[in-house]
1. Which of ALA359, LEU397, LEU377 sits closest to the plus end of the dipole of segment 313-417, meaning its Cα is farthest towards the positive end, when Lys and Arg get +1 and Asp and Glu get -1 on the C-beta?
2. Which translational diffusion coefficient, to the nearest whole µm²/s, is obtained for segment 395-443 from the Stokes-Einstein equation, given a Kirkwood hydrodynamic radius over C-alpha pairs, 20 °C and 1.002 mPa s?
3. Which of the lysines could a cross-linker bridge to LYS336, judged by Cα under 16 Å and excluding same-chain residues fewer than eight apart?
4. To two decimal places, what compactness ratio does the chain give when its Cα radius of gyration is scaled by 2.2 N^0.38 Å?
5. Taking every Cα atom in segment 74-217, find the radius of gyration and the maximum pairwise distance Dmax, and write them in Å.
6. Among 232-245, 187-200, how do they line up by average Cβ neighbours within 10 Å per residue, starting with the highest?
7. Report the net charge of residues surrounding ALA297, where surrounding means a beta-carbon distance below 14 angstrom and charges are Lys +1, Arg +1, Asp -1, Glu -1.
8. Mind checking the log10 I(q)/I(0) for segment 237-376 at q = 0.15 Å⁻¹? Debye, one equal scatterer per Cα, no solvent, two decimals.
Amino acid sequence: MRLSRYFLPVLKETPSEAQIVSHRYMLRAGMIKQSAAGIYVWLPLGFKVLKRIERIVHEEQKRAGHIPMLMPTLQSADLWRESGRYDAYGDEMLRISDRQGRDMLYTPTAEEMFTDVFRSYVKSYKDVPLTLYQVQWKFRDEIRPRFGIMRGREFYMKDGYSFDLTRDDAMHAYNRHLVSYLRTYERMGLQAIPMRADSGPIGGDDTHEFLVLAETGESEVFYDSRVTDIRLGARDIDYDDKAQCQGVLEEFTSLYARTDETHDEAEFATVPEERRRSARGIEVGQIFYFGTKYSEALGATVADENGQQVPVHMGSYGIGVSRLVGAIIEASHDDKGIIWPEGVTPFHVGIVNLRQGDAGCDAACEEIYTALCGAGLEPLYDDREERAGAKFASMDLIGLPWRITVGPRGLKNGVVELTSRRTGESEEMSAEDAVTRVAEIYAPHHEAGAVEPMAGRSFHTWL
Ligand code: 5CA
């Protein structure tokens, strides 16, 4: 993309309404624009990051064997009356009536809808286990929408629902989700710690929230500092292997880590004092096992091996896709702007032409641009007639992890400059070497997503 042809409405002033850094930078970098309280326009740059995050979520869900589909956002109240949640959900549910006076609602979550699909088609134990999911807009009429997209009223969520014959199988679905979530967040350059939590209006006994530690987080958390040393890394996971998934869950959840809702002072006191931490965190996902709560209410049963009708055991699993955009910025920025992790960056590398209009510089930039595109990368080429200082400031603000700077002085010596946004370190090298280096940096990220059924790169191959 050439910046002269893009739409990147960068702001010079710091917007006064933004209280936390991610909100400030998202507004300044031209990623979002507020439309109403807790409702945002996703401008091109923000939309791109949102889609990068969504893609990783899809890839990891697919890898774990889960099946994507899509539910309507407007749903009939009748279905929610069956579960009892139409009345129980309270003011967070946006209720609408259509021209016939029928009660409708904008989906705040989708347990009922998925359970209804299941009960309509699945009749036998042979058709489970089954995990269906979607990435879809949700609406919750939050009392205090704040921090930009972090606590929005409209937000983008991945929500998955598992259906199993037995509790034991359902616990495997729960464990499998936990493992797939760890991988999902790590690919985004985040550490999200699973913590024992409270289930709220979704219900159920077993639930973990995934928290990214950040001073601006809304949740208060308590943990053993050793949990921050554990990584999933590149280990091979067989998602059908019950023992392996259970083992990973134990590894990640044996140490003390809880949100304030389930915090237990007495148990916390058994953690050696020097390892006890209390901090704040951003909740970027939550998984629930709730047994037969919805399947019994809605009559989602299957015939077991003896022909007996039994309600299925269920769980639901959420990832805050739009909230992740903010969480990643909270975890990765400096005083000049955002620093995108390679896994989610909107463009892989910026090209800054220090002397636009100079034949040599223009030609070198064009060559680098073409070579990067040829290597399957997406560069953002700042080809505007602007001062070098202004170009650098915009690049730093929007936070691309790598920058190639092309100027007349370097070109005389046959070199350009490759700069890391994170460290600020620059290295001179030939234009060819810079392209090769950037391609090498991104190779593992391409591979991570290159599982067989979605090896291609177009939108449709996510699904
Ligand atoms: N049905 C279950 C799991 S699919 C569910 O709704 N879970 S949830 O309520 O925990 O939401 C899932 C995730 O969505 C949360 O972990 C959080 O990251 C995100 N989320 C929830 N409310 C908001 C909000 N108001 N703004 C932005 N993200 C939100």
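The values are calculated or read from the model by the stated rules, or taken from the named source; none is laboratory data. Here the structure is a predicted model, which is why all the values come from computation and not from measurement. Every residue, glycine among them, receives a Cβ derived from its backbone with ideal geometry; neighbour counts consider all protein chains shown. Remember, those area values only see protein heavy atoms, side chains included, never the ligands or the DNA or RNA. Shrake-Rupley method; radii C 1.70, N 1.55, O 1.52, S 1.80 Å.
1. My answer, from the dipole projection, is LEU397.
2. 192 µm²/s
3. Partners within reach: LYS12, LYS391.
4. Dividing the Cα radius of gyration by 2.2 N^0.38 Å gives 1.06.
5. 17.0, 49
6. Working: 232-245: 13.5, 187-200: 20.0.
Descending packing order for the listed peptides: 187-200, 232-245.
7. Net charge in that neighbourhood comes out at -3.
8. -1.10
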